[in-house]
Amino acid sequence: MSSDNLYFRETDEDVALFQSFKKLTSRYSSDGSAEEILPRLYLGSKRAALNHDWLKQHKITNILTVAHDIKPRFPKSYVYKVIPIEDSIYVNISKYFEETFLFIQNVLDQEDKSILVHCQMGISRSSSIVIAYIMKSQNKSLKDAMALVQEKRPHVWPNASFYKQLEEFESKISVNNNSDSESNLKNEIDIEFVCEKV
C-alpha cells in the first residue's frame, strides 16, 4: 500500500460525522452549479465540469480535476490538470498543494483566463485545494480562508484528514513567512548600518 493511503487514521466517530454531512449535502451534487470564490476562480462539482454551456458562459479556460475517476470531457476545448485522488481520510492531499497552487496561479496571472476547480461534489477534495491556494496566495489563516470559501459555497467541508493537513500547511506557511520577515528585517538593518558608515 502506498504512503498516500497511510497518511491518517481517523476515529469511527469522525468518520460517521463526515458521512452524515455528505448525506445532508448530497443534493448539491446534482445542481450543476459552481461558485466564483475569487475573481475567475470557480469551485464546483463534476456536473459543472461536464456542462459545456456553463463553462463557455463563465469563460473557463482551465479545469483542475481533483478526483481519480473523472476523465476530461472536453480535452480539445480546455487545458486540464488531473489530481487522481479519492475522498478518503487515508489520502495525502497535501503533497499536491504546491503544484496545484502553481497551476491556479498561472491561470489567474493571465487576465483573459478563468479556472474551474472541481471534484465529484465540490465539497471536500477540490475545496481543500482551493483553501490551500487562498491560504498561500493571500497569506490567510486556515480559519479565514475556510470562511471565505464557505461564504461563497456554504456546504464545503474538507474531510477530517484533509483539514488536519491544511492545519499543517498553515504552520508551514507561517514558518516561511516569519523567516522571510526576519530576513527582510536583517537586510534593512544591514542597509541602514552601511548608510551610517558612509
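The values are calculated or read from the model by the stated rules, or taken from the named source; none is laboratory data. As the structure is a prediction and not an experimental result, all values here were calculated from the model. Note that we place each Cβ from the backbone using ideal geometry, even for glycine, and neighbour counts take in every protein chain shown.
If I filter segment 86-100 for residues that are closer than 18 Å to LYS46 by Cβ and modelled with pLDDT under 95, do I get at least one hit? Looking for residues that are closer than 18 Å to LYS46 by Cβ and modelled with pLDDT under 95, one finds none in segment 86-100, hence no. Restricting the search to segment 131-158, which residues are of a type in the set (S, T, N, Q) and in a helix (DSSP H, G or I)? Those that are of a type in the set (S, T, N, Q) and in a helix (DSSP H, G or I): SER137, GLN150. Restricting attention to segment 98-118, which residues are among the polar types (S, T, N, Q) and touching a residue at least 40 places away in the same chain (Cβ under 8 Å)? If the condition is that a residue be among the polar types (S, T, N, Q) and touching a residue at least 40 places away in the same chain (Cβ under 8 Å), then SER114 is the only one that fits. Looking at ILE63, ILE93, just one residue is buried (at least 21 other Cβ atoms within 10 Å of the Cβ) and more than 19 Å from SER33 (Cβ to Cβ), and that residue is ILE93.
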